[in-house]
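Q: Below: one structure in structure tokens.
The values are calculated or read from the model by the stated rules, or taken from the named source; none is laboratory data. Computed from a predicted model, the values in this text were never measured in an experiment. For neighbour counting, all protein chains shown are included, and Cβ atoms are generated from backbone atoms with ideal geometry for every residue, glycine included.
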Amino acid sequence: MLQFDLIIVGYGNVARRFEALLGEQRKLLARDHGFRARIVGTATRRHGYRYAGRPLRVASTMEFLDAALARSRAAARQRRLVVIETTTLDVTRGEPATSYVRTALAGGAHVVTANKEPVAFAYRSLARAAERAGRRFLFEGAVMDGVPVFNLARETLPAVQVIGFRGIVNSTTNYILTAMENGQGFAAALAEMQARGIAEADPSLDLEGWDAAAKTAALANVLFDARITPHDVERRGLTPVAGRDAIEARKTGRRLKLVASARRQGRVVAARVACEALPAGDLLAGVEAQHNALVLETDLLEEIAIVQRGGGLTATAYALLSDLVTIARATSPSPRSARARRTP
């Protein structure tokens with residue numbers, strides 16, 4: 001039975017839900033996927049740093065990570081050390097999350113992150129670092145929570161090129177637009193998203209389009225090697241005036257949506273986040289409230305659509321868990337699951 005040692009950097013709501021999910025799915029993970037996992041270290045600025053059940057006296061999260069990696073060398077050598085990175089978002093610089101990922105890979109750990117920033121700012125260099133180290137760098141939770149957007153393209157579409165995409169990838173702004181269509185005020189709709197824990201206390205990253213721009217850059221970098229950052233994405237966010245525009249669009253049979261899109265044309269990648277009045281027949285026009293959707297444009301299969309009608313902590317925590325299963329499949333001596341071995 002494979003035993004993973006986990007170091008969690010950023011021990012907030014998502015990380016704690018992930019820890020609970022590990023316990024809830026413990027028997028299934030052992031039976032069907034042949035591994036167990038234990039958390040050996042946690043880092044959070046609010047509650048401090050712990051390793052092997054004891055406080056660790058360090059001055060910073062990076063110092064903690066260096067110390068935890070040094071104490072976990074045996075697990076790293078055996079390819080069973082995983083750093084789970086869920087630190088606070090910074091979609092304007094991509095730090096410190098990118099540095100944490102780079103340090104973990106250099107220390108021999110696989111890395112799973114729910115952050116979009118490392119993928120949006122440094123995907124290519126981090127992917128190369130993972131390849132040199134012989135480790136995995138996975139990030140299914142970076143866009144649309146646990147919906148397997150990246151795995152869909154990477155694992156299930158061989159010989160197919162994704163050449164563009166368009167989607168609704170920010171729950172807060174889509175909820176606000178839907179609410180304003182129905183007469184609710186901008187401030188009231190935003191307050192409701194904050195009360196549900198979906199929008200941050202400072203919602204500017206959502207409203208100004210930074211969150212959607214970071215997800216756009218991450219998708220473009222992975223799906224068609226765009227090599228852009230959120231700063232390269234044309235960005236027009238949401239303002240209170242959008243409420244009037246949403247109502248007017250609805251009167252003419254259209255729906256106002258904050259659409260994230262990107263497309264490669266030769267060596268040029270055009271990426272954009274902006275409100276668009278979509279015709280009623282457009283799949284994205286029917287995406288309600290805090291739901292998300294993504295339409296992939298491909299060379300051989302035309303358009304492939306993914307709709308997420310839910311989300312939240314459990315979905316994001318599941319993304320971390322699914323990436324851990326992917327690492328287990330690559331690390332296990334046998335590629336078959338325990339269930340497959342029982343099948344005649």
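Q: In contact with a Phe, Trp or Tyr (Cβ under 9 Å, 6 or more places away or on another chain) and closer than 30 Å to ARG235 by Cα: which single residue out of THR44, THR92, THR61, THR88 fits that description?
A: Of the residues listed, the single one that is in contact with a Phe, Trp or Tyr (Cβ under 9 Å, 6 or more places away or on another chain) and closer than 30 Å to ARG235 by Cα is THR92.
Q: Can you find even one residue in segment 69-78 that is buried (at least 23 other Cβ atoms within 10 Å of the Cβ) and outside the structural domain of GLU302 (by TED's automatic domain parsing)?
A: yes
Q: In contact (Cβ under 8 Å) with a residue 60 or more places away in the chain and of a type outside the set (Ser, Thr, Tyr): does that describe LEU283?
A: In short, no.
Q: With the requirement that a residue be crowded, with 17+ Cβ neighbours inside 10 Å, at pLDDT below 95 and over 30 Å from ASP225 (Cβ atoms), what does segment 251-301 give you?
A: The one that is crowded, with 17+ Cβ neighbours inside 10 Å, at pLDDT below 95 and over 30 Å from ASP225 (Cβ atoms): GLN290.
Q: Whether any residue in segment 131-141 is at pLDDT 90 or above, outside the structural domain of VAL111 (by TED's automatic domain parsing) and not β-branched (Val, Ile, Thr) is what I want to check.
A: The answer is no; no qualifying residue exists.
Q: Same structure again: Among ALA201, ALA188, which is the only one that is at pLDDT below 95, in the same structural domain as SER261 (by TED's automatic domain parsing), not in a helix (DSSP H, G or I) and not acidic (Asp, Glu)?
A: From the options ALA201, ALA188, the qualifying one is ALA201.
Q: Name the residue that is farthest from the chain's Cα centre (by Cα), counting only residues in segment 212-247 that are more than 16 Å from VAL143 (Cβ to Cβ) and part of a loop (DSSP other than H, G, I, E, B).
A: Of everything passing the filter in segment 212-247, VAL241 is farthest from the chain's Cα centre (by Cα).
Q: Just to be sure, is LEU28 assigned to a helix (DSSP H, G or I) and either surrounded by 15 or more Cβ atoms within 10 Å (Cβ to Cβ) or assigned by TED's automatic domain parsing to the domain that holds ASP232 (or both)?
A: no
Conditions tested, residue by residue: (1) more than 14 Å from ALA122 (Cα to Cα); (2) in the same structural domain as THR88 (by TED's automatic domain parsing); (3) surrounded by fewer than 22 Cβ atoms within 10 Å (Cβ to Cβ).
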site	(1), (2), (3)
GLU192	yes, no, yes
ASP206	yes, no, no
ALA214	no, no, no
ALA226	no, no, no
VAL233	yes, no, no
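Q: Being surrounded by fewer than 13 Cβ atoms within 10 Å (Cβ to Cβ) and within 22 Å of ASN13 (Cβ to Cβ) narrows it down to one of ARG54, ARG46, so name that one.
A: From the options ARG54, ARG46, the qualifying one is ARG46.
Q: Hey, can you tell me all the residues within segment 197-232 that are of a type in the set (Lys, Arg) and free of Cβ contacts under 8 Å to residues at least 40 places away in the same chain?
A: Answer for segment 197-232, where residues must be of a type in the set (Lys, Arg) and free of Cβ contacts under 8 Å to residues at least 40 places away in the same chain: there is none.
Q: If you scan segment 1-48, which residues turn out to be touching a strand residue (DSSP E or B) at 6+ places or on another chain (Cβ under 8 Å) and of a type in the set (Asp, Glu)?
A: ASP5, GLU19
Q: Just to be sure, is ARG339 part of a helix (DSSP H, G or I), of a type outside the set (A, V, I, L, M, F, W, C) and at pLDDT below 90?
A: Spelling it out, ARG339 is indeed part of a helix (DSSP H, G or I), of a type outside the set (A, V, I, L, M, F, W, C) and at pLDDT below 90.
Q: So if I check each of VAL160, VAL169, which one is closer than 26 Å to LEU278 by Cα and of a type in the set (Val, Ile, Thr)?
A: Of VAL160, VAL169, the one residue that is closer than 26 Å to LEU278 by Cα and of a type in the set (Val, Ile, Thr) is VAL169.
Q: Is there any pair with a first residue in segment 288-305 that is of a type in the set (S, T, N, Q) and a second that is outside any strand (DSSP E or B) whose Cβ atoms are under 6 Å apart and which are 6 or more apart or on different chains, and what are they?
A: GLN290/SER171; GLN290/TYR175; ASN292/MET144; ASN292/VAL169; THR298/VAL160
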